[in-house]
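One structure is given below, encoded as structure tokens.
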Amino acid sequence: MSISRVTEVKSSSPISFDDAMKKGIARARKTIDNVQSAWIANEEVLVDKKGKITEYRVQMKITFLLNE
């Protein structure tokens with residue numbers, strides 16, 4: 001029987017939501033073994049005074065299996 005856990009990660013990128021997701025998962029994998037999946041709980045953008053998007057942010061819930 002496998003037991004999984006969920007942890008919440010926030011990540012950002014100046015390029016795109018996709019890049020922010022990839023960076024968040026890559027960072028999580030540095031300290032968490034057996035990452036299985038992730039789902040996006042929230043997306044957010046920061047904009048400058050001219051209305052240009054300066055940062056893409058994601059809040060993810062990452063599922064991983066606990067070591068036996």
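Listed cross-link partners Lys30/Lys52; Lys22/Lys50; Lys10/Lys49; Lys30/Lys50 are compared with a 26 Å cut-off, the Cα-Cα value being larger for Lys30/Lys52; Lys22/Lys50; Lys30/Lys50. What would the Debye equation give as log₁₀ I(q)/I(0) for the range 1-62 at q = 0.13, 0.16, 0.24, 0.29 Å⁻¹, counting only Cα atoms as equal point scatterers? Listed by q, the Debye log ratios stand at -0.38, -0.52, -0.93, -1.19.
In degrees between 0 and 90, to the nearest 10, how far off the longest principal axis of the chain does helix 17-31 point, with axes built from Cα atoms? The angle comes out at about 40 degrees. Near Ala41: Cβ cut-off under 12 Å, other residues only, Lys/Arg at +1 and Asp/Glu at -1. The net charge is 0.
Where a number appears in this text, it was derived from the coordinates with a stated rule and is not lab data. Note that the coordinates shown come from a computational prediction; the quantities given were computed from them, not determined experimentally. All Cβ positions, glycine included, derive from the backbone under ideal geometry; neighbour counts span all protein chains shown.
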